[in-house]
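One structure is given here, and the rest of the page talks about it.
The values are calculated or read from the model by the stated rules, or taken from the named source; none is laboratory data. Just so you know, these numbers come straight off a predicted model, no measurement behind them. Note: ideal-geometry Cβ built from the backbone for every residue, glycine included; neighbour counts use all protein chains shown.
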Amino acid sequence: MTPNSLSRLLFALVLGSLLGAVAGALLGQPLAGLAAGALAGTLVSMTVDTRRGLRLLDWLRGPQHVTAPRDQGYWGELAYRIERALRQKDQAVAQERERLAQFLAAIEASPNGVMLLDANDQIEWCNTVAAQHFGLDPQRDRLQRVTNLVRSPLFVAYLQSGEFDEPVTIPGPLGRSTISLMVRPYGDGMKLLLSQDITERERAEAMRRDFVANVSHEIRTPLTVLAGFVETLAQLPLTEPERQRVLALMSQQTDRMQALVGDLLTLAQLEGSPHPGADRWLGLTPLLQRSLADAVALSAGRHAITPRGGAELEVAATESELLSAVGNLLGNAVRYTPEGGRIELAWGRLDDGRAFVEVADSGPGIAREHLPRLTERFYRVDGSRSRDTGGTGLGLSIVKHVVQRHGGEIEIHSEPGKGSTFRLLLPALRVRGAERPLSARAEAAA
Ligand code: ADP
């Protein structure tokens, strides 16, 4: 009992006794009056205490939205202290909630999938990335057993094995992706499941494997032929004309290997060097005339090769790369167009400011189904024709690489029997000169 409430009780006792004694004396019963007065004083004091106590209890039973009753004495202090303790606890809970929310937001921001499983493999929580990896709904699927939702046998076996030293790879929800996942046990039988989409990595790895296999194959073939000829030369007594023929065939094979290694080096250089800056300008016409001269030499009079258009343009490009791209297109036109065919090289500026360089031929054309794959490495429509004419299967992939590095694109139009047109487009910001587009000049001329 606090001094405050004790003094109130004593005060009520003394006052009650005094008033009782006076009243008792007036009635001739001073002692009885004293006792009744003391009892009444005590009862009044206790009633006040009980009322205050009940008010505090009422407040405690409620949601404590309003402040605690502000009574005097120890009830008031008790209410204040309880209220303060409750507010402090609320604050601590709010802070912890905030921390948890921040923590979960950080995991949510992770590029990898994170899932927490309880001891029964039920989903406690998972971030959006994990939900995507496993085709789940983070809210709806909470507390569901993960093996009921992710049914890949590999996944189920991995989770049940308890052996989590190595990650495991499973197909994604629609079978179009590949997910690598690993489990880290923690706490009392709980599991942290981390996942990563490795579809792109796998695709790049598959492409690299294909590429190495293709290169090996392309190199091994001429090497085998060469080895055969070397053996022939070493073991068989050949006549001079036979020897000359064998040497010519050997030279063809070494040319083929040289072309292949040259194209591979070009590709490696394109991949390994920074994108060409947009500030080194070069005249397009002289460059194209050099390519044209090379094509004329390659054709050796078998085709009619004509330039068309010829606006005086400057382009911001790497000279060697552009030469290689146009050279490849003209080279293909010469190689695939039968003798007597026509080949045209046109260039100019489109209405939207882009520059184009176009190589059109009257050759055999290409069936529609091949067009989307034409720029893939080692993709050939007719393998033997490509090889017979010295093709490496890398020409158009080099062309595509070059234009893409310059922010441009390649368009291919072709139909069997109607020839082919390959058009390179360079973005307007890499072109200057011939401000009047080609179409406007054509109208003016007409
Ligand atoms: P290649 O060294 O085999 O010519 P490319 O990448 O330059 O390799 O071309 C890919 C394929 O596209 C060629 O094998 C050929 O089948 C086809 N092709 C390319 N240019 C032409 C063309 N002008 N006319 C017909 N087919 C062509």
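Here are a few things to note about the model shown:
- Selection within segment 380-414: residues that are more than 11 Å from the ligand (Cβ to nearest atom) and assigned to a loop (DSSP other than H, G, I, E, B). The member of this set that is surrounded by the most Cβ atoms within 10 Å (Cβ to Cβ) is His406.
- Reported count of residues in segment 415-431, each being surrounded by fewer than 16 Cβ atoms within 10 Å (Cβ to Cβ) and more than 13 Å from the ligand (Cβ to nearest atom), is 2.
- Residue that is modelled with the highest pLDDT, among those in segment 259-289 that are in a helix (DSSP H, G or I) and of a type in the set (Asp, Glu): Asp263
- Selected residue [in contact (Cβ under 8 Å) with a residue 24 or more places away in the chain and either in a loop (DSSP other than H, G, I, E, B) or among the aromatic types (Phe, Trp, Tyr) (or both)] from Gly348, Gly340, Gly331, Gly327: Gly340
- Filter pass, Leu292 being part of a helix (DSSP H, G or I) and either in contact with a strand residue (DSSP E or B) (Cβ under 9 Å, 6 or more places away or on another chain) or not hydrophobic (A, V, I, L, M, F, W, C) (or both): yes
- Taken over segment 333-381, the residue count meeting the criterion of being within 30 Å of Ile219 (Cβ to Cβ) and not hydroxyl-bearing (Ser, Thr, Tyr) is 21.
- Residue in segment 72-90 that is within 30 Å of Met190 (Cβ to Cβ), over 35 Å from the mean Cα position of the chain (by Cα) and surrounded by fewer than 12 Cβ atoms within 10 Å (Cβ to Cβ) present: yes
- Test: residue in segment 341-350 that is buried (at least 22 other Cβ atoms within 10 Å of the Cβ), within 16 Å of the ligand (Cβ to nearest atom) and not hydroxyl-bearing (Ser, Thr, Tyr): yes
- Glu358 within 13 Å of Ser420 (Cβ to Cβ), outside any helix (DSSP H, G or I) and either modelled with pLDDT of 95 or more or away from the ligand (no atom under 16 Å from the Cβ) (or both): yes
- Residues that are aliphatic (A, V, I, L, M) and either loosely packed, with under 12 Cβ neighbours inside 10 Å or at pLDDT below 95 (or both), drawn from segment 117-128: Ala119
- Within segment 207-222, the set of residues being surrounded by 14 or more Cβ atoms within 10 Å (Cβ to Cβ) and of a type in the set (A, V, I, L, M, F, W, C) comprises Phe211, Val215, Ile219.
- Condition met for Arg368 (more than 8 Å from the ligand (Cβ to nearest atom) and touching a Phe, Trp or Tyr at 6+ places or on another chain (Cβ under 6 Å)): no
- Condition met for Val403 (of a type in the set (A, V, I, L, M) and at pLDDT below 95): no
A quick yes/no check of all residues on (1) more than 28 Å from Ala355 (Cα to Cα); (2) touching a Leu at 6+ places or on another chain (Cβ under 6 Å):
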{"residue": "Gln244", "(1), (2)": "yes, no"}
{"residue": "Ser251", "(1), (2)": "yes, no"}
{"residue": "Thr254", "(1), (2)": "yes, no"}
{"residue": "Ala268", "(1), (2)": "no, no"}
{"residue": "Glu271", "(1), (2)": "no, no"}
{"residue": "Leu288", "(1), (2)": "no, no"}
{"residue": "His303", "(1), (2)": "no, no"}
{"residue": "Leu313", "(1), (2)": "no, yes"}
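- Just so you know, in segment 244-260 the residues that are in contact with a Ser or Thr (Cβ under 9 Å, 6 or more places away or on another chain) and of a type in the set (A, V, I, L, M, F, W, C) include one that is farthest from Gly331 (Cα to Cα), and it is Val246.
- Here Gly353 clears all of (1) surrounded by fewer than 16 Cβ atoms within 10 Å (Cβ to Cβ); (2) in contact (Cβ under 8 Å) with a residue 60 or more places away in the chain; (3) in a helix (DSSP H, G or I) except the condition numbered (3).
- Odd one out for Glu312 among (1) among the acidic types (Asp, Glu); (2) near the ligand (Cβ under 8 Å from one of its atoms); (3) over 41 Å from the mean Cα position of the chain (by Cα): (2)
- Annotation for segment 256-278: at least one member residue is over 39 Å from the mean Cα position of the chain (by Cα) and outside the structural domain of Leu424 (by TED's automatic domain parsing).
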